[in-house]
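The values are calculated or read from the model by the stated rules, or taken from the named source; none is laboratory data. Note that the structure is predicted; figures quoted are calculated from it, not measured. Here the Cβ positions follow ideal geometry from the backbone for every residue, glycine too, while neighbour counts run over all protein chains shown. Surface areas here come from the heavy atoms of the whole protein model, side chains and all, with no ligands, DNA or RNA. Shrake-Rupley method; radii C 1.70, N 1.55, O 1.52, S 1.80 Å.
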Amino acid sequence: MPPNRRRCLQLLAGALGGTWGGHALAREAAASPPAQVVGRLAPWPARQATPALKALALDGHSRSLPDFAGAPLILNFWATYCAPCRLEMPQFNQLLVRHQAQGLRVLAVNHGEMPARVLQFLQTVPFHGDVLLDRSQTQLPAWGGMALPTSFVIDAQGRVRFWHMGEIDWLGADVQAALQTVLQG
C-alpha cells in the first residue's frame with residue numbers, strides 16, 4: 001500500500017475511535033475495507049437503502065441528500081490532509097465538464113476539518129462541485145466508509161448504485177463505463 005494511502009487510513013482509523021498509538025491504531029489500520037470496494041467501483045448492495053446525509057454547506061446552512069435530488073451525483077468523503085483525496089479533485093472537475101450535459105454533480109463532504117482550512121485548501125486546489133462540512137465526523141461511518149477517500153455514485157432518483165474506498169482513476173475506462181450506466185438513467 002502506498003505510504004500516502006496508508007497514512008490516510010491510519011489517520012482515519014485513529015479519528016474513528018482508536019488511540020493514536022500502540023495496538024489500538026495497529027488493530028484499526030489492520031481492519032481494512034472490503035477488498036471488492038478498494039480502488040474500484042463496486043455495485044452497492046441491491047437491498048441496502050441509501051443512507052441519510054446531513055452536513056453543513058460552507059455558508060453554514062444545513063444540507064441533506066434530497067437537496068441534490070434529480071441529478072446523478074458523486075458523493076465523495078475527503079480531507080485536505082489526504083493525498084489521494086487531493087489527487088481526485090482535478091479529476092472531479094474534469095468529470096463535471098465531461099458530463100455537464102447529463103447533469104452530473106459532485107458533492108465533496110469534508111471529514112472533520114475546520115471551515116477555514118477547507119477554504120484555504122480550495123484556494124490552492126480549485127474544485128467546481130459542491131462542498132459540505134462534516135465536523136462531527138459521523139457521516140462517513142454512517143455510509144459504511146472506513147477510509148478516505150470514499151465515494152458513492154448516486155442516480156437521479158437518489159439511489160446509491162456504486163461505491164469505492166481509496167484512490168481511484170475516475171477517468172479510467174472501467175469507471176467511465178459504470179458511470180455511464182448511472183448517467184443514462
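Okay, residues lined up against (1) part of a strand (DSSP E or B); (2) closer than 26 Å to Gln36 by Cβ; (3) in contact (Cβ under 8 Å) with a residue 40 or more places away in the chain:
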| position | (1), (2), (3) |
| --- | --- |
| Tyr81 | no, no, yes |
| Val97 | no, no, no |
| Gln123 | no, no, no |
| His128 | no, no, no |
| Leu148 | no, yes, yes |
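From the list Arg7, Arg47, the one residue that fits, being within 21 Å of Ala147 (Cβ to Cβ), modelled with pLDDT under 95 and open to solvent by 70 Å² or more (accessible area, probe 1.4 Å), is Arg7.
Criterion first (touching a Gly at 6+ places or on another chain (Cβ under 9 Å) and either open to solvent by 40 Å² or more (accessible area, probe 1.4 Å) or at pLDDT below 95 (or both)) does Val106 satisfy it? Judged against the criteria, Val106 is not a match.
If the condition is being in a strand (DSSP E or B) and not hydrophobic (A, V, I, L, M, F, W, C), then the range 33-79 contributes Pro43, Lys54, Ser62, Arg63, Ser64, Asn76. Of all the numbered requirements in (1) under 13 Å from the mean Cα position of the chain (by Cα); (2) without any contact (Cβ under 8 Å) to a residue 24 or more places away in the chain, Leu75 misses one, and that requirement is (2). Scanning the range 109-147 for residues that are open to solvent by 20 Å² or more (accessible area, probe 1.4 Å), in contact with a helix residue (DSSP H, G or I) (Cβ under 7 Å, 6 or more places away or on another chain) and among the polar types (S, T, N, Q) returns a single hit, Gln137.
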